[in-house]
1. Ratio of Rg to Rh for the range 246-338, alpha carbon only, Kirkwood?
2. Once you place label points 7 Å from the Cα toward the Cβ at Ser706 and Gln765, how far apart are they in nm?
3. Sort 274-283, 325-334 for me by packing, meaning the mean count of neighbouring Cβ atoms within 10 Å per residue, highest on top.
4. Phe244 accessible area, nearest 10 Å², 1.4 Å probe?
5. Could you tell me the accessible area of Tyr612 in Å² (1.4 Å probe, neighbours in place), rounded to the nearest ten?
6. R0 = 45 Å: FRET efficiency of Thr217 with Asn725, Cβ-based, nearest 0.05?
7. As a test of reading the structure, rank His497, His714 by solvent-accessible area (1.4 Å probe, protein chains only), most first.
8. Just check the range 668-744 against the gyration tensor rule for me: Cα atoms, a ≥ b ≥ c as the square roots of the eigenvalues, rounded for a/c under 1.5, and otherwise prolate or oblate depending on whether a/b exceeds b/c.
Amino acid sequence: MFPARVFRDEERVAQPLPYMALKDAPVEVRRAATVAQVSSSFTRGLGILFTTLIIATLPTWVPGILAYQTIPVALLALAIGSVIVSRKGSRIREEIAERQFQKARSSTFITAILGFVIAGILPGILYLYLYTRIGDVMVKRTPDDPKTVYLLPHPSEGIFLGRYLGWIAAYLLVLYIGYTQLSPGLRQVSDWLSPVLGVHFNTMIVALFLVFTNPLTYPPLLYLWTFAGFLGGLIAGGKIRRGFLVGMTVFLSTLGALGLAALIIYQNTNLSTLSSLPPPPPGFSIISAATGPVAGDIIPILIQGPSPTSQMVIQDIILTMIRNAGLVFAVATISGRAASLFWQGDVFVLKILSRMIKTKKTALPQNNIPKKGILLLALAIFLFVPSPHSAQPSTITQAPPGRPYQQNLAIGLDMLGAPNASLRMTNLDLSSKGLVLDNNYAGNNLSLFIINNNYSQPLGASSFLGIPSFILGLFSQPALITFYTGDPATTRIESDHVAAQFSQALGVHFTEAFALPTGYSTTKPNPSTSGQGTVTIYAPNPELTNDDALTRVLGLLPNSSFSTLIQPANFQNLQYLAAIGLASISLPPPLNKTPTEAFSFLLNTQFPREFYKAGQHYLSLKTLLGFQTGIVGDTNSNASIVSISFQRGTVLYSPLGFSPPFNPIYDNGTATYIYNATIMPRADFTANFTYPFAPNIIVQKTVTPSTGTIGTKHDVVVMIQNRDNVTVTNLNVTDDQAPSAYQKTLQLSPGGVQTGQFASFPPGQTQSLSYTATTESSGTYVLTTATADFVWQAPNGTKIQYSITTEKPLISSSSGPWTQFTRTFTDLQPYSYLLLLPLLLTPVIETLRLVGRHRKKKPEPWVNTPAEPQTIPPATPPQAGPDKVTDTPSPANP
């Protein structure tokens, strides 16, 4: 017979191991598991922190890691090490629950070493402390301890379809706030180009703003993504991973909207469209666009780089955009994690309260205080404290006073009877205000602080004060412009010092917006630089208005100058252009001397029409400008001249009866009435004259309604009215409707050039041209002007032809997020149907999971129940047989 071997615990092994919840475990085991969880969570948080630091410093981190610099390499090692140590900590907690204490202690020791080496000192200390706690458990363990496996608590799965609903709510919130609270600069760019590129350009701008804006430098976006991620994670609930997934999905959905919009624009746009861009609408400010989100991060790189197309500049731009997107991703996912953590703590507290209500307890036992819930709630609180910063202006060295200045106030009248005024002052000494011509102006050709209040008059064939006219048209808010020739590295420092001077003089902080390399000819050529120049634009505080800026500029001028005749309050509704700084400003006769290199001031103002038809007219300078004091020439000035220029053929009737060379004088050759205020002060400067101005013919181009949503029909009417008592002939009205760049997004009915011809146009008659314009995109449409030409016969029989041009009317079209979604979905068919897959699959998958959980079998009776003490029955000697083997030698078989 074969020997039989009998195991004493055979029947015990056949029984399944008892299971219990971790909360029913001995206090030493619970404490060790809690320390393991805290250590793992803390290390995971460190990994997130190190990863966020890498993202925040990505433009400098990548070159540093390629050069094997210490800090970038250390950040990478700490980020990877924290992830490794955190994962090991999760496994150690499971081993503790499974009562594999020896294995857990060994793993903890190794993890502590890794924590000290590659994850920082703090994780190593925590795991070293965990090592001691596991040792305490092993010391207190006895051979009679039950072999119980403790089950870790399973986090709640959250509400049904929580992730789906959280994603929908957070995504719609982000897009809605993005559309309605878009930054002013990007809003102006969208309003300008959306009518040209289509409605999807607005979507692209909004998504670009949401994804690629640095949330650390633009707090509104930081608050938006934080709230959106927290809202989505709170709705999703359950595990922390659910909050992370919701934040990630919202970010990727916004990035996808950007890609789809860019794809549609690429498919529907050609180079000819970009080459015929219409002028920006009134109020457009390149300063606001250049200093706002996205552009504010890219333009400094272009300014500091050697060339916009260099590899280093392109690399820095790409890394900066990745950094901004990474920070947005981090904010969205971290806030989603925090929301899930808050949800877990909230649910834990609610469970405790529910048990209290059910058991009718008025207070919790001392050992049942919801410490875990309070801890989770405390960890979910975020505190953002912005760090204030201020820039100190550089020290300015005062210079000795300059020579006496000259000032000229010139009034002009056009053929339609509309006055315009120009105040020019040259050779100003502004050293007492902080503006000094020091060494920082060595390579300077122009330094001007400009205020453009919708000034639409021609500025010359190509430039004005050395600044190209098309650049001036892009400014609707004050700006400082400098133009230097020489090495950009040197001139940039000098330009910044000049900006500091203007900052001190005006009491306004300036920020460098952007710089443009130029090849323009300069007034001070330098053969060594070969005409190399740089135009730098500085932006003041966004709160600075044109009226406030004009008041500050006038405060720099001499107290007894003609600047006291200018009242900024009277200029609010007028079109004007003001500038102060270093520029070559020429003066009209008799002050047409060679311009000197000194500070100058200029103010051009356009007034509405005041004179009609032939007859005797009266012009009062005091009434026109609205000043209360008299005209007094400054004794500290070299000359103070006031002049009124008329159209050729004007007959002037001087109320004083003086004749040349007395004051005032009338120059017949230039049709200019000149008054020298230095010789004789006057309360007012008036002129009686006669000139055949155009009759009171009114030409207006209006849009009704001027604002609306996409698809609104706007009635455009060109109305011509004869409000005079004379008849005009050969009236020709022409309206080109709108720029050709709008042809894809603006439907005109009837289309084409609208014309009207009328042989006679008597008094009181009204003629009109009308058509409808239907917008198909959001943005601001700038329509073209309408022109009316007519002939009037003066009383002396002379026939004079006049031309009147209307203002450019605007159509403001808006669209909400829903319109953007539907248009994108429609324009991308059939590819857009792929977007429905995540929308439809997510509810189906969640429903199947819910049904699967309900179909699971009930747990065995021994699961989650305390294990009863087991008694081991005495072993009975088995019967010897062919199938039994005993471990005791038989007497017959020693």
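1. On the way: Rg = 17.0 Å, Rh = 16.3 Å.
Dividing the radius of gyration by the Kirkwood radius yields 1.04.
2. Once both label points are built, they end up 3.0 nm from each other.
3. Details: 274-283: 14.4, 325-334: 22.9.
Peptide ranking by packing, descending: 325-334, 274-283.
4. Phe244 exposes around 50 Å² with every protein chain in place.
5. The accessible area comes out at roughly 80 Å².
6. Values: r = 64 Å, r/R0 = 1.41.
Once the sixth-power term is evaluated, E becomes 0.10.
7. Working: His497 70, His714 0 Å².
If we order His497, His714 from most to least accessible, we get His497, His714.
8. Prolate.
The values are calculated or read from the model by the stated rules, or taken from the named source; none is laboratory data. Being a predicted model, the structure only gives us computed values, none of them experimental. Neighbour counts are summed over all protein chains in view; Cβ atoms, including those assigned to glycine, are modelled from backbone coordinates with ideal geometry. The accessibility values were calculated without ligands, DNA or RNA, using every heavy atom of the protein model including side chains. Shrake-Rupley method; radii C 1.70, N 1.55, O 1.52, S 1.80 Å.
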